[in-house]
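Report on the structure given below.
The values are calculated or read from the model by the stated rules, or taken from the named source; none is laboratory data. Small disclaimer: the values here were computed from a predicted structure and weren't measured. Cβ placement follows ideal geometry from the backbone for every residue including glycine, while neighbour counts extend to all protein chains displayed.
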Amino acid sequence: MKRASGFFAAAAVLFVFLGVPAAAADKPRAAIASAHTLATSAGFEVLAQGGNAFDAAVAVAATLSVVEPQSSGIGGGGLFLLHRARDGKEVMIDARETAPAAVDSKLYLDANGEPDRDHAVNGPLSAAIPGEPAGLVWMAQHYGKLPLAKSLAPAIRIARKGFKPDGRFLKELAMRKDVIARYPASAALYLVGGDAPKAGWTFKSPDLARVLERIAEHGNDGFYRGELAQTLVDGVRAAGGNWTLQDLASYEAKERAPIAFDYRGWRIVTAPPPSSGGVALAEMLNILGGYDLSGLDRVHRVHLTVEAMRRAYRDRAEYLGDPDFVQMPIAQLTSPDYAAGLRASIHPQKATPSDLLAGYLAPAQGTHTTHFSIVDQDGNLVSGTQTVNLIFGSGFVVPGAGFVLNNEMDDFALVAGKPNAFGLVGNDRNAPRPGSRPLSSMTPSFVIGADRVGVIGTPGGSRIITMVLEGILAFIDGESPEKFVANPRYHHQYLPDVISVEKGAFSPDEVKALEAMGHKVNEAERRWGFMNAVSWDRKTGAMQAGSDPRGDSGSGVVKP
């Protein structure tokens, strides 16, 4: 998932009361936080029809595919972390994209043998086989209560009738205009007279509505087989890509056991590989668990947190990849004993220069992603993060499909040791293989305490993991979702050896103190992330939700 981006979509937070007794009418019965008001409303529409959090997640995700195509969609993929209240089952649905069978690193080299960035990030060669449709079908069929036709109905209606995009949609569409203009179906869908549309434009995608109707009626076969599959393969190959019908027919969403560990009496449940987020999060919190952070001043707390980040980011790319193709020392990396050894290497007063740590190759990262969090009246939880990689993915729309394809091939280490679009390089553990899934930073997570439960996640590139770390620490310290999603952020990822800082995160005196310890601090960073989180106090029944104010048209609503 993702390079940081300063422009994030409209946010929405709603609470509703669903058939509760009068005596309990002052307590919200469900909470949803997502990146768009229409997506959040779609989730509640499905809950009101008798659906559960998993049905609502299908509705939210599918609607985001319509209203936020620059960040996610059925042409991309995602990771969906679920908690089922009736039996406590916790599982992650892996709907990450896969490399086509004909993948060949030579296709991403220019005539001089250097990486061809254009082929890696633009057009059909950059597109991996989408996973989101299979993930939504799996979630509905195995965990939902409603038929897909009901859960997908809001997205179908919006795609057909249209909506007026917000400022972020229009701004980011303008950023990708030149690439979108290369492809006739893309230009016809997203541009007006060959130019980026202006405020007041109504966006419709009747082709996408028909695709969603096929999925609603036929499940996976409506997307991965039959007429639509043939349309996708013909369109990709005609434009220079290499998909086959077998690539689509062989795609499967997979259930994976989450990573779960304890941090100071709290149970953290988070994403396993092919996400690198959960392993890195466990490593960082295990390191920090050996300190009394509450007894430290701000500078020393930040210092130790940065040192934990530094070590976890070194390990995440050194050891992680697609679990179906790569053997990984997950038990060791998430072990408190391993963290104790790392903790012993941290000087309490001095930064550790990154070049003094063992060698490191960072995996490729995408940039454009979205996240939503849900808790329903029964205590079911969903933390979902989905993506198309860069803004508007590959920029390529197959004629007749109505949605943009991802450019997740750039999330692989297409050429070992060569940088991707963001100057990051990777090793053979993240090399593309037929059917393999690229390493991701997506970190959908649950934070479960004696009384309080938090559901948290965010987009934001390689910074996703540290944002979730900071959100979890703030939630455990007692902050509400509305507060911690808005906190100024800081980030360190081993290389480059610098603390990236949002404006207002540190005072001038704190910056000086950190620099005196040997840290390099970059305060020139724009804001990043678009965190959406919900919480539930199981003792009182109270629910709260927070949607990142970094979005340009966020809203919070309580319905009595």
### Query
Does at least one position in region 229-248 carry a residue that is in a helix (DSSP H, G or I), among the acidic types (Asp, Glu) and closer than 18 Å to residue 77 by Cβ?
yes
### Message
With the requirement that a residue be touching a residue at least 40 places away in the same chain (Cβ under 8 Å) and acidic (Asp, Glu), what does region 258-285 give you?
### Response
283
### Message
Would you confirm whether or not region 131-152 contains a residue that is among the charged types (D, E, K, R), surrounded by fewer than 24 Cβ atoms within 10 Å (Cβ to Cβ), at negative phi and out of contact with any Lys or Arg (no Cβ under 8 Å at 6 or more places or on another chain)?
### Response
yes
### Task
Please enumerate the residues belonging to region 236-251 that are buried (at least 16 other Cβ atoms within 10 Å of the Cβ) and closer than 23 Å to residue 437 by Cβ.
236, 241, 242, 243, 244, 247, 248, 251
### Task
Could you pull out the residue among 103, 137 that is of a type in the set (A, V, I, L, M, F, W, C) and at pLDDT 95 or above?
137
### Task
Answer yes or no: is there a residue in region 192-212 that is in contact with a His (Cβ under 9 Å, 6 or more places away or on another chain), part of a helix (DSSP H, G or I) and within 21 Å of residue 386 (Cα to Cα).
no
### Query
In region 189-221, how many residues are in contact (Cβ under 8 Å) with a residue 40 or more places away in the chain and buried (at least 16 other Cβ atoms within 10 Å of the Cβ)?
16
### Query
If the Cβ limit is 6 Å and pairs must be 6+ apart or interchain, which residue in region 478-504 that is under 18 Å from residue 456 (Cα atoms) pairs with which residue that is part of a loop (DSSP other than H, G, I, E, B)?
485/531; 485/548; 486/549; 488/502; 488/504; 488/505; 489/502; 490/505
### Query
When you look at residue 165, is it surrounded by 16 or more Cβ atoms within 10 Å (Cβ to Cβ) and part of a loop (DSSP other than H, G, I, E, B), yes or no?
yes
### Query
Could you count how many residues in region 507-549 are touching a residue at least 40 places away in the same chain (Cβ under 8 Å), over 26 Å from residue 34 (Cβ atoms) and in a strand (DSSP E or B)?
0
### Task
Inspect all residues belonging to region 415-437 and state whether any of them is closer than 19 Å to residue 315 by Cβ, at pLDDT 90 or above and out of contact with any Gly (no Cβ under 8 Å at 6 or more places or on another chain).
no
### Query
In region 257-282, how many residues are outside any loop (DSSP other than H, G, I, E, B) and in contact with a helix residue (DSSP H, G or I) (Cβ under 8 Å, 6 or more places away or on another chain)?
11
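Looking for something surrounded by 22 or more Cβ atoms within 10 Å (Cβ to Cβ), assigned to a loop (DSSP other than H, G, I, E, B) and either β-branched (Val, Ile, Thr) or touching a Phe, Trp or Tyr at 6+ places or on another chain (Cβ under 6 Å) (or both) - is there at least one such residue anywhere in region 486-499?
Yes.
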### Query
Of the residues that sit in region 107-130 and are of a type in the set (A, V, I, L, M) and closer than 30 Å to residue 53 by Cα, which one is surrounded by the fewest Cβ atoms within 10 Å (Cβ to Cβ)?
129
### Summary
Across region 170-187, the tally of residues that are closer than 21 Å to residue 398 by Cβ, hydrophobic (A, V, I, L, M, F, W, C) and in contact (Cβ under 8 Å) with a residue 24 or more places away in the chain stands at 4
### Query
Among the residues of region 57-73, which ones are farther than 21 Å from residue 256 by Cα and either β-branched (Val, Ile, Thr) or outside any loop (DSSP other than H, G, I, E, B) (or both)?
59, 60, 62, 63, 64, 65, 66, 67
### From 204, 198, 254, residue being in contact with an Asp or Glu (Cβ under 6 Å, 6 or more places away or on another chain) and within 27 Å of residue 155 (Cα to Cα)
254
### Complete set of residues in region 288-343 that are touching a Phe, Trp or Tyr at 6+ places or on another chain (Cβ under 9 Å), among the polar types (S, T, N, Q) and under 17 Å from residue 474 (Cβ atoms)
305
### Message
Based on this model, can you work out whether residue 355 counts as touching a residue at least 40 places away in the same chain (Cβ under 8 Å) and within 29 Å of the chain's Cα centre (by Cα)?
### Response
no
### Task
Restrict the check to region 398-409 and report whether at least one residue is at pLDDT below 95, in a helix (DSSP H, G or I), surrounded by 24 or more Cβ atoms within 10 Å (Cβ to Cβ) and touching a Leu at 6+ places or on another chain (Cβ under 9 Å).
yes
### Message
Quick check on this structure: which one of 345, 383 is modelled with pLDDT of 95 or more, touching a Pro at 6+ places or on another chain (Cβ under 7 Å) and not aromatic (Phe, Trp, Tyr)?
### Response
383
### Query
Of 85, 95, which residue is surrounded by 15 or more Cβ atoms within 10 Å (Cβ to Cβ), among the aliphatic types (A, V, I, L, M) and under 17 Å from the mean Cα position of the chain (by Cα)?
95
### Query
In region 377-397, how many residues are farther than 25 Å from residue 171 by Cβ and buried (at least 24 other Cβ atoms within 10 Å of the Cβ)?
3
### Task
Scan region 75-126 residue by residue and report those that are among the basic types (Lys, Arg) and assigned to a loop (DSSP other than H, G, I, E, B).
84, 86, 89, 96
